[in-house]
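One structure is given here, and the rest of the page talks about it.
Here, each number is a calculation from the coordinates, and none is a lab measurement. Everything numeric here is computed off the predicted structure, so don't read it as measured data. Cβ placement follows ideal geometry from the backbone for every residue including glycine, while neighbour counts extend to all protein chains displayed.
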Amino acid sequence: MPKIETHFEAEGKIFRITLNAPKGNVIDMAMLSEMNDAFDALEGAASVRCLLLDATGPHFSFGASVAEHRPGAVEEMLPRFHATILRLARLPLPVVSVVRGLCLGGAMELVSLSHWIFADHGASFGQPEIELGVFAPVASIVLPLKLGQPLAEHLCLTGHRLSAEEAWKHGFVHHVASDPGEAARHFIETELLPKSGVALRHALRAVRHDFVRRLEDSLVPVEKLYLEELMACHDPREGIEAFLEKRKPVWKDA
């Protein structure tokens with residue numbers, strides 16, 4: 001069964017990707033493959049004004065698959081996830097995300113590439129990787145740029161979650177609404193669809209030039225730090241197994 005749904009809407013001016021993998025819309029390698037197929041469908045679609053990213057169910061996503069972060073799988077999973085992140089960052093389209101409920105880990109990293117996030121009042125955002133003995137590579141690069149260094153460090157080092165209102169206060173979320181999907185559509189219809197598609201694409205490339213370059217330059221060494229140094233230690237493997245076995249980890253600080 002497909003893990004995402006895709007649709008062209010508004011006479012081909014909106015391309016919608018919906019995460020649809022109950023329960024929790026966990027981002028695994030199969031979903032990443034489908035997401036890249038969806039990006040392929042956008043190539044040459046000159047009439048598209050924006051990408052709308054949302055999800056079925058009460059939660060946007062619990063994050064990336066923890067099972068696929070075990071040794072033997074993470075060596076493939078992490079580069080695939082990062083390649084998808086880079087592809088989204090380079091996409092010459094405005095990205096609007098609609099978030100309900102939990103948006104954690106790799107899911108928060110995914111929506112951090114959005115230009116606008118619309119959230120419901122019960123939404124929360126967090127990077128809980130540190131609780132599993134690992135860290136969030138994309139968040140380590142992107143969140144300092146979007147939230148500032150102190151708050152990014154707080155989120156990445158403690159696993160603290162931001163409520164929708166907190167995320168709005170810090171500029172991560174554009175709008176909080178009872179119906180974020182409707183609010184997002186109104187925004188798209190009034191602010192994006194009337195614009196020239198070619199102007200939007202070129203303006204986006206210009207305004208995101210430095211952002212994308214910094215992500216590209218930093219992701220390789222940060223991924224290497226994760227795979228070659230961190231995963232050679234005991235604690236990351238222990239933290240991941242403890243999570244999957246639903247028990248408290250026993251840290252060795254090694």
**Study point:** Entries in LYS3/LYS224; LYS23/LYS248; LYS224/LYS252 that, when Cα-Cα distance is taken, lie over 25 Å
**Key:** LYS3/LYS224
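For the range 26-107, count all C-alpha to C-alpha pairs, find those more than 17 Å apart, and express that count as a whole percent of the total. Kindly include the intermediate steps, with their values, before the conclusion.
Values: 1711 of 3321 pairs.
Of all Cα-Cα pairs in the range 26-107, 52 percent lie more than 17 Å apart.
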Exercise for review: Could you work out the relative contact order of the range 109-254, using alpha carbon pairs under 8 angstrom and six or more residues apart, expressed as a whole percent?
Suggested key: 29 percent
Review point. Which value, in debye to the nearest 20, gives the size of the charge dipole of the range 63-152 about its Cα centre, when Lys and Arg are +1 and Asp and Glu are -1 at the Cβ?
Key: 280 debye
Exercise for review: With N set to the residue count of the range 4-179, report its C-alpha Rg divided by 2.2 N^0.38 Å to two decimal places.
Suggested key: 0.98
Exercise for review: Could you name the aspartates and glutamates whose alpha carbon sits less than 18 Å from that of LYS169, not counting residues in the same chain fewer than 8 places away?
Suggested key: ASP120, GLU153
Exercise for review: Give me D for the range 191-254 in µm² s⁻¹, whole number, from Stokes-Einstein with Rh from the Kirkwood sum over alpha-carbon pairs, 10 °C and 1.306 mPa s.
Suggested key: 102 µm²/s
Review point. Say each of TRP251 and ASP40 gets a label point 7 Å from the Cα, pointing the same way as Cα to Cβ; how far apart are those two points in nm?
Key: 4.3 nm
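I need to check one value: relative contact order of the chain, counting alpha carbon pairs closer than 8 Å and at least 6 residues apart, in percent.
18 percent
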**Study point:** Computed over the range 111-254, the ratio Rg/Rh where both radii use C-alpha atoms and Rh is Kirkwood
**Key:** 1.05
Check your understanding: Using unit Cβ charges (K, R positive; D, E negative) and no other charged atoms, how large, in debye to the nearest 20, is the dipole of the chain about its Cα centre?
Key -> 420 debye
